[in-house]
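What follows is a short report on a single structure.
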Amino acid sequence: MPMDNPRISIFTGHFGSGKTEIAINFAINCKKYYNKVAIVDLDIVNPYFRTKDASRILESQGIKVIAPLFANTNVDIPALPAEILSLFHDKDYIAIFDVGGDEIGATALGRYHRYFLNEGYQMFLVINTKRPLTKDTESILSMFEGIKKNSRLEISGLINNTNLSYDSTVEDLIEGQKIIDDVSRQTMVPTRYITGKEKILSGMPEYMKKKAFPINLYLQMPWQ
Amino acid sequence: MSEKVLMKGNEAVAEAAIQAGCRYFFGYPITPQNEIPEYMAKRMPKVNGVYLQAESEVAAINMVYGAAGAGARVMTSSSSPGISLKQEGISYLVGSDLPCVIVNMVRGGPGLGGIQPAQSDYFQAVKGGAHGDYYLVVLAPSSVQEAVDLTMEAFDIADMYRTPVIILGDGMLGQMMEPVQFHQYKGRNLPAKDWATTGTNNSRKRNIINSLFIDPQELENLNIERFNRYKQIQEKEVKFESVNCEDADVVLVAYGTTARVAKSAMSRARAEGLKVGLIRPITLWPFPVQVFQQVARTAKAFLAVEMSMGQMVEDVRLAVNGLKPVYFYGRTGGMVLTPMAIVEEIKKISGGEKND
């Protein structure tokens, strides 16, 4: 992560696009360069498979995890903890926000709108073109606009996370990039990262490799 | 859509229903199945279908009754407490011989319980959660792909035998993501819905959809006729998977996502030299009784594993019929089993430390 990045990074996208895995990897990567790193589970939509699931790994690496009080419990109360505000005041923190899916999930960002404007931020849109509701330029643009509108923030970078879980191939990423390049042309927002397992990313053409951000998967199924 | 896509279980079930010709969805939100109504709300208008969020689960199931009575392919979905609310309507659907598909992405119970995955609605689905003499066909997918395939087939089974069919998943199946393919569904040859209330056009006798019968003899006759249909279902519709049962000493019995944990446990146990097999009922009703009779000849014991305090284990005991001991291991309340814990239970059985 280059040193001139804003200290706040926000990950948004369609639900199931891979925001959480990328945010976790991003936090772990930031920890290599910075002393104080925090990740916020801002997901008020999804009941399972969330940042909180990886809290043990994150905390063991010295990353602060702030999650809704009742995340992963048996109640469905998406109350956001007051502790989130501390990250705006303590300017030594690198803060990563893992936001809930779709424009509905992005609504939660509105609560912190003025803090994001004061502190500066970068906001990413995570895209997996193998998800049926973000499979083409038109549907991605609709997601893009919806998230922008509900968060009242600007999307500064696209992330190509096109994958089919355990059936992923480099071809999926290349095919996805064509669609995402089209989205870039129309929105003037560049692709910042291309994410996937290192083995898959290594097969990409050179122009894509420059943006490669290899990730490890931290959210596992109980039979894995 | 024949290319592979990545979908949540809930979304995939919804898309499968649409591709099977379902054009009416009535539901009410509840975690962890909300992606089904969410997806239906987005997709139904695009295929000239109807998505309607009812004022309650009770209203939704009665809208299903209306649509099914008019001969439409119709679905509703919910999770445990919501399915409890639908029970009266389910009994009426059965009593009127109406086909429909009902999805239950089970969560922890009883009561409001919790939102984490569970399998503690087995009794409700399989043993008659509502009043009267009846069974429902209960299909239990263990992967997102199987959820797609079974949802499509569920509509055909429902139409073929004029019965509601339940897709019994759990929160994990609903929430997890896997690659899936939607193969062009080759439907069955189905009888015409000449019983549906589609308007007589003054050219035929009117059809009546009803579950009230004044004459007890008429009601008994109808129940007997319905049970003859159940007999056909038991003969023709049983589905199961059996793995490594030929030489197995201990045979695990699990359905749904738990079967995947059990499979993982089986592999680990085999790696340690323990002879372990697996029977995975895919239809919970009709229960695959015959395979248990066969496997019981060679196996030494059965171990039912469930995300419940022990419900399917009763059907395993009935099927094994005393030939061999049947043990149980489960977690409940939203807790998920781990492969290691199942391996430990297998070792206890092999070592004679566990009571059946």
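The values are calculated or read from the model by the stated rules, or taken from the named source; none is laboratory data. The structure displayed is predicted, hence computed values, not measured ones. Note: ideal-geometry Cβ built from the backbone for every residue, glycine included; neighbour counts use all protein chains shown. These area figures cover heavy atoms from the full protein model, side chains too; ligands, DNA and RNA do not enter into them. Shrake-Rupley method; radii C 1.70, N 1.55, O 1.52, S 1.80 Å.
Tabulated results
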item: A:Leu133 being at pLDDT below 95, within 14 Å of chain B (Cβ to nearest Cβ) and part of a helix (DSSP H, G or I); result: yes
item: Residue, farthest from the other protein chains (Cβ to nearest Cβ), within the stretch B:116-152, restricted to residues that are over 22 Å from B:Pro288 (Cα atoms) and surrounded by fewer than 24 Cβ atoms within 10 Å (Cβ to Cβ); result: B:Gly132
item: Residue in the stretch B:303-321 that is in contact with an Asp or Glu (Cβ under 9 Å, 6 or more places away or on another chain) and over 19 Å from B:Ser120 (Cβ atoms) present; result: no
item: Wholly enclosed strands (runs of 3 or more DSSP E) of the stretch B:1-97 bearing at least 1 residues within 14 Å of another protein chain (Cβ to nearest Cβ) and under 20 Å from the mean Cα position of the chain (by Cα); result: B:5-8
item: Candidate set: the stretch A:136-148, residues that are away from every other protein chain (no Cβ under 14 Å) and touching a helix residue (DSSP H, G or I) at 6+ places or on another chain (Cβ under 7 Å); chosen: the one farthest from A:Pro6 (Cα to Cα); result: A:Thr137
item: Unmet criterion (only one of (1) at pLDDT 95 or above; (2) open to solvent by 10 Å² or more (accessible area, probe 1.4 Å); (3) part of a loop (DSSP other than H, G, I, E, B); (4) under 30 Å from B:Val253 (Cβ atoms)) for B:Gly113; result: (1)
item: Of all residues making up the stretch B:316-351, the number that are part of a loop (DSSP other than H, G, I, E, B) and within 14 Å of another protein chain (Cβ to nearest Cβ); result: 8
item: Conditions (1) out of contact with any helix residue (DSSP H, G or I) (no Cβ under 8 Å at 6 or more places or on another chain); (2) in a loop (DSSP other than H, G, I, E, B); (3) in the same structural domain as B:Ile90 (by TED's automatic domain parsing): number failed by B:Glu225; result: (2)
item: Any chance B:Asp170 is of a type in the set (Asp, Glu), open to solvent by less than 80 Å² (accessible area, probe 1.4 Å) and in the same structural domain as B:Ile83 (by TED's automatic domain parsing); result: yes
item: Qualifying residue in the stretch A:179-191 (condition: within 20 Å of B:Val180 (Cα to Cα) and surrounded by 18 or more Cβ atoms within 10 Å (Cβ to Cβ)); result: no
item: Residue that is within 14 Å of chain A (Cβ to nearest Cβ) and at pLDDT 95 or above, where the choices are B:Asp215, B:Asp170; result: B:Asp170
item: Looking only at the stretch B:174-200, and only at residues there that are at pLDDT below 95 and open to solvent by 60 Å² or more (accessible area, probe 1.4 Å), the one that is farthest from the other protein chains (Cβ to nearest Cβ); result: B:Lys186
item: Every residue from the stretch B:316-342 that is of a type in the set (A, V, I, L, M) and crowded, with 21+ Cβ neighbours inside 10 Å; result: B:Val316, B:Ala319, B:Val320, B:Val326, B:Leu337, B:Ile342
item: Residue in the stretch A:209-216 that is outside any strand (DSSP E or B), away from chain B (no Cβ under 14 Å), under 30 Å from B:Ser264 (Cβ atoms) and open to solvent by 40 Å² or more (accessible area, probe 1.4 Å) present; result: yes
item: A:Glu119 being in contact with a helix residue (DSSP H, G or I) (Cβ under 9 Å, 6 or more places away or on another chain), among the acidic types (Asp, Glu), over 16 Å from A:Phe11 (Cβ atoms) and in contact (Cβ under 8 Å) with a residue 60 or more places away in the chain; result: yes
item: In the stretch B:305-315, the residues that are away from every other protein chain (no Cβ under 14 Å), open to solvent by less than 10 Å² (accessible area, probe 1.4 Å) and in a loop (DSSP other than H, G, I, E, B); result: B:Ser308
item: Qualifying residue in the stretch B:44-51 (condition: among the hydrophobic types (A, V, I, L, M, F, W, C) and either without any contact (Cβ under 8 Å) to a residue 24 or more places away in the chain or not assigned by TED's automatic domain parsing to the domain that holds B:Asp156 (or both)); result: no
item: Complete set of residues in the stretch A:143-157 that are part of a helix (DSSP H, G or I), open to solvent by less than 80 Å² (accessible area, probe 1.4 Å) and not basic (Lys, Arg); result: A:Met143, A:Phe144, A:Gly146, A:Ile147, A:Asn150, A:Ser151
item: All positions within the stretch A:111-130 that are touching a Ser or Thr at 6+ places or on another chain (Cβ under 9 Å) and either part of a helix (DSSP H, G or I) or open to solvent by less than 10 Å² (accessible area, probe 1.4 Å) (or both); result: A:His113, A:Phe116, A:Gln122, A:Met123, A:Phe124, A:Leu125, A:Val126, A:Ile127, A:Asn128
item: Selection count where residues are assigned to a helix (DSSP H, G or I) and of a type outside the set (Val, Ile, Thr), scope the stretch A:162-195; result: 15
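Per-residue answers, yes or no, for (1) under 21 Å from B:Ala158 (Cα atoms); (2) aliphatic (A, V, I, L, M):
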| position | (1), (2) |
| --- | --- |
| B:Tyr28 | no, no |
| B:Asn34 | no, no |
| B:Tyr39 | no, no |
| B:Val47 | no, yes |
| B:Val50 | yes, yes |
| B:Ala54 | no, yes |
| B:Glu57 | yes, no |
| B:Met63 | yes, yes |
| B:Ala68 | yes, yes |
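Residue by residue, here is whether (1) open to solvent by less than 10 Å² (accessible area, probe 1.4 Å); (2) part of a strand (DSSP E or B); (3) touching a Lys or Arg at 6+ places or on another chain (Cβ under 7 Å) holds:
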| site | (1), (2), (3) |
| --- | --- |
| B:Leu219 | no, no, no |
| B:Val238 | no, no, no |
| B:Asp247 | no, no, yes |
| B:Ala259 | yes, no, yes |
| B:Lys263 | no, no, no |
| B:Ala269 | yes, no, no |
| B:Gly273 | no, no, no |
| B:Leu278 | yes, yes, yes |
| B:Phe292 | yes, no, no |
